[in-house]
1. Could you derive backbone 3J(HN,Hα) for the stretch 422-428 from the dihedral phi with the Karplus parameters 6.51, -1.76 and 1.60 (θ = phi - 60°), listing whole Hz in sequence and x where the residue is Gly or Pro?
2. Alpha carbon centre of the stretch 361-437 versus the stretch 299-331: separation in Å?
3. Apply the a/c threshold of 1.5 to the C-alpha gyration tensor of the stretch 330-387 and tell me whether it is rounded, prolate or oblate.
4. What does the accessible area per residue of the chain come to in Å², with a 1.4 Å probe and no ligands, DNA or RNA counted?
5. Between SER528 and ASP258, what length in nm is gained on full extension when 0.36 nm per residue of separation is reduced by their alpha carbon distance?
6. Using every alpha carbon pair in the stretch 265-415, what percent of pairs falls into each 5 Å bin from 0 up to the bin containing the largest distance?
7. Lys/Arg Cβ at +1, Asp/Glu Cβ at -1, dipole of the chain taken about the Cα centre: which of LEU221, ALA311, ALA431 is farthest positive-ward?
8. Can you list residues from other chains, or at least 5 along the same chain, whose modelled amide H is less than 5 Å from the amide H of LEU134?
Amino acid sequence: MPTTDAAWIRLAAAAAQAKHRRIAGLFDAEPQRLARLSLSAAGLDLDLSKQPWSLADLEACLDLARACDIEAARGALFAGEAVNASEHRAALHMALRAPKGSDFKAQGQPVSAEIDAMRARMAAFARAIRSGALKGATGKPFRAVIHVGIGGSDFGPRLVWEALRPVAPQVELRFVANVDPAELALALDGLDPAETLVVVVSKTFTTQETMTNATAARGWLRAALGPAADAQLVAVSAAPDVAQAFGVPADQVFGFRDWVGGRYSVWSAVGLSCAIGLGAEVFEDLLAGASAMDAHFLAAPLAQNAPVLLALAHVFNRNGLGRPVRAVVPYAQRLRLLPNFLQQLEMESNGKRVTAHGQPVARDTAAAVFGDAGTNVQHAFFQLLHQGTEVIPVDFIAVARAAEGDPAAQTILLANAIAQAEALMIGRAEADVRAELTAQGAPAVEIETLAPQRTFPGDRPSAFILLDRLDPPRLGALLALYEHKTFVEGVLWGINSFDQWGVELGKSLASRVLAELRGGPAGVHDPSTAHLIGKLKA
Ligand code: F6P
């Protein structure tokens, strides 16, 4: 096995060669290419053949994975070792979605029995709300849930709800994350407090935005229902005592452990709102799909391992070819929020500049991720993807069979996804453009200026993930695929993917500025900051 440094050097050499050839040409040179770079895992089809690597480059990437001992790192993750070393914690989100009766341990402590009990409690609570057995303070059944939470306490549940929600839900979910009072006002609009459950989700139960919104939502309930309103509060937190002190009845506090990272928490009681809105069975199916991806990640050889290969493809672009940005484009309106979810998952996990040992990293880490739903983005940033000066790799996600609506429209959607990936790779040669313009009778002087503008360089890479249907298991598998992909990248880069110290400074400075905006004494600031505070205090 090569040393890590030697493997990185080999990857860099491979990438240097890749700059001098075209992806499309590799299909002729490598008859096995499509077969070797396509795989199915947990109900997802992944095609990495439009990536810039040759099959020989893939071997160099796999050597890197071996040199970094991905298998040992994966073993430590699943064994519940303290892989989040800076916080002395395991990262055991896989235990939350494992089949009932599993035997996970977090730093040696058994956790599966407690998880099974919590899942049963969540399911019973969701059923009681949906059946109307559990009613509001005035005896009315619940028709709406206000889910209050931010970051990992929001992105996952919000995405799951949008992806799977019925068109006309029995219990509607509305989400409030931003401390901007507009979001709560819009979420509460039209709701009857007597029929609304407020679910406050916060691992710490101290997050400024969430506590501000939770207090306002509680006030909205109390204003209409009096003190009995607190019976309509539910909390999900790793700090259950703080939640109870807030006024949530003890039997409506759902806990989870500190080894569940915020951005990996949708599988825990953080998903309670989804279980209420979608039904407990749907939520369990989501967990089962994620667990199937866990099983694949754990068992598949590296060369056929979907999270490992996706990570290596992204690393080849990021480190080999120096591409600092990646686009994620779900061709599925219901997956519109996937890029937002991945922004936290990838950039909070791997946006790090020092290793887990406190040394500066030897190479670039997380790419910036952006995206939105296709086809809309074809009318926004795809111009830049096709003809901009930077090469931005794209992850396409498409769903073969629509859950609803006109199948003809779905076919148009799919045609666009496939065609965009093809267009990015093959481009359009200037000679073809010139020939077309000449055939159209364009004047020679116009052809000179127009042909370069209508040329597409191509050779722009993409990954293509195809789901047969957007159902709960496949959604679970998709999210778990990206979770493990992110973990593998973190191991390759030698960073801790499970902490997020970079969010702390802004939080503490916001507290200082807030005190000043509220009339406290002026602090020491740079002139620009002092000017802004002064302007808003005036
Ligand atoms: O963004 C920082 C962060 O700590 C995230 O990691 C977390 O998901 C979010 O804040 C919300 O935290 P909490 O669930 O404790 O309110």
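The values are calculated or read from the model by the stated rules, or taken from the named source; none is laboratory data. Keep in mind the model is a prediction, meaning the values are calculated, not measured. Here the Cβ is made from the backbone with ideal geometry for all residues, glycine too, and neighbour counts use every protein chain on show. SASA here: full protein model, heavy atoms, side chains in, ligands and nucleic acids out. Shrake-Rupley method; radii C 1.70, N 1.55, O 1.52, S 1.80 Å.
1. 5, 4, 4, 7, 8, x, 8
2. 17
3. On the way: a/c = 5.69, a/b = 2.08, b/c = 2.73.
Oblate shape, in that a/c is at least 1.5 and b/c is the bigger or equal ratio.
4. Values: 22480 Å² over 538 residues.
With the other protein chains kept in place, the chain gives 42 Å² per residue.
5. Details: separation 270, 0.36 × 270 = 97.20 nm, distance 3.87 nm.
Gain in length upon complete extension: 93.3 nm.
6. Taking every Cα pair in the stretch 265-415, the percentages come to 2, 7, 12, 15, 19, 19, 13, 8, 3, 1, 0.
7. Of the options given, the answer is LEU221.
8. Here the answer is ILE129, since their amide H atoms fall under 5 Å of that of LEU134.
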